[in-house]
């Protein structure tokens, strides 16, 4: 049957559904659902990491293989530096830009190196907003408790407290730089409610929050004349005699030459791993999200946290084929968009946490209540026209211009027709373990943003990532800068690599791959 | 995966896609109909490093020029957001040279006047509309440049919220304006200088500094795991 015919069930059942309230799951039901349907609990997709700081810990096969992978650098490589700096920031997304700007402002010589262009990152795609407790009825403590609950009580308390308390100052910083957050009539910041949050707390710039913030931060990095190395992929870190981080080696993607940067401290802000397509999932992530920072830090001896848990955003587009994996913002559900199965029924409270909503969508599809597209993909409906029905015509267009445009290009008017969605690999909940200054257990190696772990526990709440980036970008930048004044440039060695290779040999060099991956291999090879 | 037959859209031709002939930077190749321009390049065996970014229509890395069959008009698109069709030819647009003014946004004294110092070419817009036609985000770029020059910074900042900085408006401008950069300056100035300061935010920052939440922090951070979980459950 044609997809347009299948959509009719959504239109037909809309009025009846509008009257319905669906309670959130009890914690027992929720646990049961997640254990049965969430991809994090598919045992066959996991294996223990064979050696290194997280030896014996389980993670997805794709990541374990890369973590155990060999470096492209030989032990005796020439380490004569091409550049010398106080602070080296690796990654040009939100965390990287925030780190570089703060380190620079604190007076440190700063280099920002990035695999693609400045700004190419998941940050720029963030649509939903940024959680900061600014409303009078809200508080940082409530933000803390909501996040803890969302993270299955596994969040690092110290990191989380720092994030929620630094939030308001971050909003002020961004406003001063010219970020245009949505406002209320009285001039105060407009806040929306996100899934899993008890209070409205999302600061938004229509549905372009990440884009707006990144336009401004990129512009500011250029205005401050921070030295940039673009199309430079980090492929190995450097360690001094004491094991502290002392720089990095990059591959210049234009001429494949190696570039050595000596630095007093290194801030890794390399983002997540969506492009590994773990368990075969489509992803909402940008092209470069291949987990480079995890491999680099791991080889250096940094301990990882929660690398067995990932976030599958409930609403990735399933149709049209060109938009596979692209996000349909959670904002649609925040404003009342309902999830509907092939029978025209709702099956979950749309504002439950992402893991619960994703699991319930997977359940519907596995139990045969999904809708299959012509290319064989399966999904459920998200009733977008309901927003216009509920809040008046034009609501979808006004509140979600980015979404409207994205679908319009393929002839779909989401204010009139529902969209088909299925969970998409969205976020790496875990990452490199850090302290409240963003430093890892490797001295002078900082990690900020999605590559870091602990803050979000086992599930991240919507809007907490943009705040994470800014808070720990700032903290890493400031700490690295303040340290730069008092420490000497460490010797550039590959001692850690020798150690890592010995470990690998002991375990039979099982991985057989070279990591980091740098870019996913999408290019079709024939014959 | 168990599926009810009635839910299956029976279009087997999609499983075996119809092939179309397109031309990538002058070379003819066969690719499945309907895939995006970037996927078509991958399908044709081309590695794309410059020209790929977010793959979601937000970063502006994949600015592309194209023509469709029998239509003389050169059009612009984001390659990750546009489907190929039979007879289409395209080539990716390199980033065009554009002079970006550098400024300290917070220290501007007269942002509306400063526009003419930073971008003196802005008032030379000749109303040709080429920028608007080039914009893949459907922004009325020409109107935006005029509004910027006339000091209507608020409208410009609203109009350019969709701007992904692909820069396709730049090479087509006969007055050598880089409209996206003008709009970026204007939007930032609007935010930093002409938008009300939110009182509630300052109140919250002060509350945190004054330790208004200290007692509550002390209380919850001392809780056992069980107590904390129970407490979280009460937050509504």
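The helices (runs of 4 or more DSSP H) falling completely within segment B:117-236 that include 3 or more residues that are in contact (Cβ under 8 Å) with a residue 24 or more places away in the chain and away from chain A (no Cβ under 14 Å) map to B:130-134, B:141-149. The numbered conditions (1) modelled with pLDDT under 95; (2) assigned to a loop (DSSP other than H, G, I, E, B); (3) facing chain B (nearest Cβ under 10 Å) are all true for residue A:128 except (3).
Are any of the residues in segment A:103-114 in contact with a helix residue (DSSP H, G or I) (Cβ under 9 Å, 6 or more places away or on another chain) and at positive phi? Yes; the residues of segment A:103-114 include at least one that is in contact with a helix residue (DSSP H, G or I) (Cβ under 9 Å, 6 or more places away or on another chain) and at positive phi. For segment B:38-60, a residue qualifies if it is at the interface with chain A (Cβ under 7 Å from one of its Cβ atoms) and at negative phi, and the qualifying residues are B:42, B:43, B:46, B:47, B:49, B:52, B:53, B:54, B:56, B:58, B:59.
Residue A:280 meets each of the listed conditions (1) under 27 Å from residue B:61 (Cβ atoms); (2) surrounded by 21 or more Cβ atoms within 10 Å (Cβ to Cβ); (3) within 24 Å of the chain's Cα centre (by Cα) apart from (2).
The lone criterion from (1) assigned to a loop (DSSP other than H, G, I, E, B); (2) under 17 Å from the mean Cα position of the chain (by Cα); (3) facing chain B (nearest Cβ under 7 Å) left unmet by residue A:136 is number (2). For segment A:139-158, a residue qualifies if it is surrounded by fewer than 24 Cβ atoms within 10 Å (Cβ to Cβ) and more than 7 Å from chain B (Cβ to nearest Cβ), and the qualifying residues are A:152, A:154, A:156, A:158. Listed conditions (1) within 11 Å of chain B (Cβ to nearest Cβ); (2) touching a strand residue (DSSP E or B) at 6+ places or on another chain (Cβ under 7 Å); (3) within 30 Å of residue A:352 (Cβ to Cβ); (4) touching a residue at least 60 places away in the same chain (Cβ under 8 Å) are all met by residue A:253, apart from (3). Evaluation of residue B:113 against the conditions (1) away from chain A (no Cβ under 13 Å); (2) part of a strand (DSSP E or B) shows that the sole unmet condition is (2).
Somewhere in segment A:38-50, is a residue more than 25 Å from residue A:441 (Cα to Cα), touching a residue at least 12 places away in the same chain (Cβ under 8 Å), assigned to a loop (DSSP other than H, G, I, E, B) and touching a strand residue (DSSP E or B) at 6+ places or on another chain (Cβ under 6 Å)? Within segment A:38-50 (the criterion being more than 25 Å from residue A:441 (Cα to Cα), touching a residue at least 12 places away in the same chain (Cβ under 8 Å), assigned to a loop (DSSP other than H, G, I, E, B) and touching a strand residue (DSSP E or B) at 6+ places or on another chain (Cβ under 6 Å)), the answer is no, since none of the residues qualifies. When restricted to residues that are surrounded by 14 or more Cβ atoms within 10 Å (Cβ to Cβ), part of a loop (DSSP other than H, G, I, E, B) and at pLDDT 95 or above, segment B:87-110 contains 6. Name the single residue, out of those in segment A:476-527 being within 14 Å of another protein chain (Cβ to nearest Cβ) and touching a strand residue (DSSP E or B) at 6+ places or on another chain (Cβ under 9 Å), that is surrounded by the fewest Cβ atoms within 10 Å (Cβ to Cβ). Step by step, filter segment A:476-527, then rank; the result is A:518. For residue A:184, the conditions (1) more than 22 Å from the chain's Cα centre (by Cα); (2) at the interface with another protein chain (Cβ under 9 Å from one of its Cβ atoms); (3) touching a residue at least 24 places away in the same chain (Cβ under 8 Å) all hold with the exception of (3). The residues of segment A:292-311 that are in contact with a strand residue (DSSP E or B) (Cβ under 7 Å, 6 or more places away or on another chain) and in a loop (DSSP other than H, G, I, E, B), listed by number, are A:300, A:302, A:303, A:306, A:307, A:308. Does residue A:299 fit the bill of being touching a helix residue (DSSP H, G or I) at 6+ places or on another chain (Cβ under 7 Å) and surrounded by 20 or more Cβ atoms within 10 Å (Cβ to Cβ)? Yes; evaluated as a whole, the condition is true for this residue.
Test of understanding: among B:69, B:112, which residue is in contact (Cβ under 8 Å) with a residue 24 or more places away in the chain, on the phi < 0 side of the Ramachandran plot and out of contact with any strand residue (DSSP E or B) (no Cβ under 8 Å at 6 or more places or on another chain)? Answer to the selection: B:112. For segment B:61-84, the candidate set comprises residues that are facing another protein chain (nearest Cβ under 9 Å) and in a loop (DSSP other than H, G, I, E, B); within that set, the residue that is farthest from residue B:95 (Cα to Cα) is B:82.
Filtering segment A:402-417 to residues that are touching a helix residue (DSSP H, G or I) at 6+ places or on another chain (Cβ under 6 Å) and modelled with pLDDT of 85 or more leaves A:404, A:414, A:415, A:416, A:417. One residue is enough: does segment B:187-196 have a residue meeting the conditions in contact with a helix residue (DSSP H, G or I) (Cβ under 8 Å, 6 or more places away or on another chain) and more than 19 Å from residue A:187 (Cα to Cα)? Scanning segment B:187-196 turns up no residue that is in contact with a helix residue (DSSP H, G or I) (Cβ under 8 Å, 6 or more places away or on another chain) and more than 19 Å from residue A:187 (Cα to Cα).
For first residues located in segment A:209-237 and within 11 Å of chain B (Cβ to nearest Cβ) and part of a strand (DSSP E or B), partners that are surrounded by 24 or more Cβ atoms within 10 Å (Cβ to Cβ) and at pLDDT 95 or above and lie 6+ apart or on another chain with Cβ distances below 8 Å form the pairs A:233/A:115; A:233/A:250; A:233/A:292; A:233/A:516.
When A:483, A:501, A:491 are checked against the criterion of being in a helix (DSSP H, G or I), out of contact with any helix residue (DSSP H, G or I) (no Cβ under 7 Å at 6 or more places or on another chain) and farther than 21 Å from residue A:304 by Cα, a single residue qualifies: A:483. Being within 27 Å of residue A:377 (Cβ to Cβ) and either assigned to a strand (DSSP E or B) or at pLDDT 95 or above (or both) holds for only one residue in B:20, B:14, and it is B:20.
Assess whether residue A:101 counts as being within 14 Å of chain B (Cβ to nearest Cβ), surrounded by 24 or more Cβ atoms within 10 Å (Cβ to Cβ) and more than 21 Å from residue A:427 (Cβ to Cβ). Quick ask: steps written out before the conclusion?
Working: within 14 Å of chain B (Cβ to nearest Cβ): yes; surrounded by 24 or more Cβ atoms within 10 Å (Cβ to Cβ): yes; more than 21 Å from residue A:427 (Cβ to Cβ): yes.
So residue A:101 passes the test.
Residue count for segment A:256-277 under the criterion of being within 14 Å of chain B (Cβ to nearest Cβ), under 24 Å from residue A:433 (Cβ atoms) and either in contact with a strand residue (DSSP E or B) (Cβ under 7 Å, 6 or more places away or on another chain) or surrounded by fewer than 24 Cβ atoms within 10 Å (Cβ to Cβ) (or both): the result is 3.
Go through A:425, A:420, A:445 for me and flag whichever is crowded, with 23+ Cβ neighbours inside 10 Å and more than 14 Å from chain B (Cβ to nearest Cβ). One residue alone meets the criteria, A:445.
Every condition in (1) out of contact with any strand residue (DSSP E or B) (no Cβ under 6 Å at 6 or more places or on another chain); (2) more than 9 Å from chain B (Cβ to nearest Cβ); (3) at pLDDT 95 or above holds for residue A:169 except the one numbered (2).
The values are calculated or read from the model by the stated rules, or taken from the named source; none is laboratory data. Predicted model only: the values in this text are computed from it and were never measured. Cβ coordinates were reconstructed from backbone atoms using ideal geometry, including for glycine residues, and neighbour counts include every protein chain displayed.
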